[in-house]
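The values are calculated or read from the model by the stated rules, or taken from the named source; none is laboratory data. Keep in mind that this is a model prediction, so the values were computed, not measured. In this analysis, Cβ positions are derived from the backbone assuming ideal geometry, glycine residues included, and neighbour counts consider all displayed protein chains. Accessible surface areas use protein heavy atoms only, side chains included; no ligands, DNA or RNA. Shrake-Rupley method; radii C 1.70, N 1.55, O 1.52, S 1.80 Å.
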Amino acid sequence: MNPTTTVATVRSLLDCTLVRGRTGRTQVASLHQQFPQRVTVPMYADPENASAAFLCIQNPTGGVFPGDDLTTRVATGDGTHLYLTYQSATQVFAGDEGASQTTTIDVGAGSVVEYDSKTVIPHADSSYRQVTEVCVRNTSVFIGWESFASGRIGHGERFSYRSLTARTDVRLDGLLTARDTVHLAPHESDPRGPGVLGGQDYLATMLVLAPGHDLGDLAGEVYGVLDATEGLTGAASALPDDVGLSVRLLAHRAPVLHRVHQELRNMARRSVLRLGPLETRM
């Protein structure tokens, strides 16, 4: 980048509140959206739960650019069910200045949020910082997924980015209960070594937050999938205060990770929500 070039900082806020409508459907009560972020209108695509709303976050620019500071806030009212996802993977473009994305999801009492943030793909010479905060109540359920690639693998850009930082905070009734932080800086320390990513190209985390639920059987099922899947390494850990379960995964190929994601999501839906597999194009 030319040293005289000025990076245009884009600060964007997407703020959405959902409530349970008169018919029982989850509906958007308020919405504020700034370029480049926007959401689709609610869709109702779960045949087993017609009241659940599907929202897809879209970014017409195709990713995040140097200087971008994107904030997403989603709050669900009591008794709602939301499936929140993104249109596509998040491309992190190269530049001297880093990009950041902050997401806060506030899950109301007796509410369910299923969250699929798609894969973050950092380009060579990019820097990216992500913060995710999930707030639940004693009767809330959150099933979330995030994943990160080593780079644009087809372009020969494995671990060619400058830095990737991702922090996830879990709050129960407003109190910080768990924090997970990932920081990878390939030019400072090789992430491919033992004890880091071990040569794998994809890092993913699944969170199942369900205070008051016994997730022991679900953890056993998770280990069954991990043991039976070649090209995958992972483990499941109970979170403090019995707030839920965290599953960390490492995979070499994207198709394997996507297939396991679907299996684990369907397991969690069956175990916690008593719902069948979710077949959706989003």
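Per-peptide packing, taken as the mean over residues of other Cβ atoms within 10 Å, places 156-169, 62-75 in the sequence 62-75, 156-169 from highest down.
Each DSSP beta bridge with both residues in the chain is either parallel or antiparallel, and the antiparallel ones are about 45%.
Estimated from helices alone, the mean residue ellipticity of the chain at 222 nm is -3000 deg cm²/dmol (sum of -39500 (n - 2.57) over DSSP H runs with n ≥ 4, per residue). What a 1.4 Å probe finds exposed on the chain is 49% carbon and sulfur by accessible area, rounded to a whole percent. In this view, the solvent-accessible surface of M43, computed with a 1.4 Å probe and all protein chains in place, comes to about 70 Å². For the chain, the solvent-accessible area works out to 45 Å² per residue, with a probe of 1.4 Å and every protein chain left in place. Could you please report the charge total around V247, scoring K, R as +1 and D, E as -1 over all other residues with beta-carbon less than 13 angstrom from its beta-carbon? Result for the local shell: -2.
Here r is the Cβ-Cβ distance between V196 and D173 and R0 is 22 Å; the resulting FRET efficiency, rounded to 0.05, is 0.05. Quote the FRET efficiency, to the nearest 0.05, computed for D180 versus T233 with a Förster distance R0 of 30 Å and r equal to the Cβ-Cβ distance. The formula returns an efficiency of 0.95 here. In percent, rounded to a whole number, the relative contact order of the chain is 12, using alpha-carbon pairs under 8 Å and six or more apart. DSSP bridge analysis restricted to the range 121-194 gives an antiparallel fraction near 45%, rounded to the nearest 5.
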